[in-house]
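Taking it in order: structure first as structure tokens, then the write-up.
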Amino acid sequence: MLLIPATLIVLAVACRGGDGDPTPVPTAMSEATASGITATSVPDPTAAPTAVPTLAPTATAAPQPTATATPRPPTPSPTPSSPSRARAKAMSLAASELGLAPSDITVLSQDPETWPTTGLGCELPGQIYAQTQVSGWKIVMNGEGVTLEVHADSLGENVVSCAAATILGSSPSLDLVSTANLVGVTSIRILAPQPGVDPVEVVRVDDLDRIAIALEALAGETHLTDKSDCTSLFQIDFVSDAGTVSFLYACPGTSEVIRGDQAFWDGQDGIAPGPFQKIINEALSAREFPAFPPQN
């Protein structure tokens, strides 16, 4: 009996088909698809990953600030030194007083000086100055034969002419304490003159220390000047056991005028000393209001 191997029988069956076309043999993958199961390919773990190109960011130019031209500050003018500043201002003042051009003024000397008050050594009678030492300059100038002395502080900021002080300093003066016998004064009364009636008291000074300051000032020089036609604002009474001595004081716009009807005034006004003005003006400032009693 002839035995045919099973393998050959299978191959023969597989090769048979209609019209001589081979009949495909279903595979395990096609059978799985027919049954509704979709096969998913499993990536090969040994395969190298595909490199994904990365785009480099495009560089963006940063905005550049617009250059702005900075204006250069002007070159400052050199500041004159204190002596030259004082000299220049003194020459200008001298030219003004003498009616000349500054170029017509010649500086004869300029020397350092220390003045006892803020009046810089050219104190005017009747003016009040701070009693403090001030360093400065004494400048002597000449303009067309006229000599003028001008004083300045050390910085050359305050410059004063001594011409007016020299003129007033040479004018006649009175010692009112001796001339008017202001002795033993116990009170100074300040009154407001009233037309047709007696003066009305405004305020009085009874403090003996302040009275002493006022009298000490009047014991100095009360310089005389031409009489003005201004109307006096106050009457000052000096009260003592011997009686009362009265002067008229101050005019509208000025507190330096002092006058009276006594013969020693010789028809002139006086320039009240500064410390006396200060005592009277402080008393008026401290008075209770109203300043004047109601007029009838």
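The values are calculated or read from the model by the stated rules, or taken from the named source; none is laboratory data. Owing to the predicted nature of the structure, the values given are computational and were not obtained by experimental measurement. We place every Cβ from the backbone using ideal geometry, glycine too, and count neighbours over all the protein chains shown.
Can you confirm whether I190 is outside any strand (DSSP E or B) and within 28 Å of G253 (Cα to Cα)?
Numbers: outside any strand (DSSP E or B): no; within 28 Å of G253 (Cα to Cα): yes.
So I190 fails the test.
Criterion first (farther than 28 Å from D269 by Cβ, part of a helix (DSSP H, G or I) and modelled with pLDDT of 85 or more) does M91 satisfy it?
Values: farther than 28 Å from D269 by Cβ: yes; part of a helix (DSSP H, G or I): yes; modelled with pLDDT of 85 or more: yes.
Judged against the criteria, M91 is a match.
If we keep just the residues of region 128-149 that are exposed (fewer than 15 other Cβ atoms within 10 Å of the Cβ) and touching a helix residue (DSSP H, G or I) at 6+ places or on another chain (Cβ under 7 Å), which is farthest from G274 (Cα to Cα)? Walk me through it before giving the result.
At the first step, the residues of region 128-149 found to be exposed (fewer than 15 other Cβ atoms within 10 Å of the Cβ) are 130-133, 135, 144-147.
Now restrict to residues that are touching a helix residue (DSSP H, G or I) at 6+ places or on another chain (Cβ under 7 Å): 144, 146.
On the way: E144: 35, V146: 31 Å.
So, considering only residues that are exposed (fewer than 15 other Cβ atoms within 10 Å of the Cβ) and touching a helix residue (DSSP H, G or I) at 6+ places or on another chain (Cβ under 7 Å), the one farthest from G274 (Cα to Cα) is E144.
Quick check on region 204-241: of everything there that is free of Cβ contacts under 8 Å to residues at least 40 places away in the same chain and not hydrophobic (A, V, I, L, M, F, W, C), which residue is farthest from S187 (Cα to Cα)?
D229
Which pairs do you get when a residue that is of a type in the set (D, E), found in region 110-136, comes within reach of a residue that is assigned to a loop (DSSP other than H, G, I, E, B), reach meaning Cβ atoms under 9 angstrom, with the pair 6+ apart or on two chains?
Once the first residue is of a type in the set (D, E) and sits in region 110-136, its partners that are assigned to a loop (DSSP other than H, G, I, E, B) give E113/L120; E113/G121; E123/P116; E123/T117; E123/Y129.
Looking only at region 200-221, which residues are closer than 16 Å to V245 by Cβ, out of contact with any Asp or Glu (no Cβ under 8 Å at 6 or more places or on another chain) and not charged (D, E, K, R)?
V205, I211, A214, L215, A217
Give the number of residues within region 163-187 that are hydrophobic (A, V, I, L, M, F, W, C) and at pLDDT 80 or above.
Taking region 163-187 and keeping what is hydrophobic (A, V, I, L, M, F, W, C), we get 163-165, 167-168, 174, 176-177, 180, 182-183, 185.
Narrowing the set further to residues that are at pLDDT 80 or above leaves 174, 176-177, 180, 182-183, 185.
Final tally of qualifying residues: 7.
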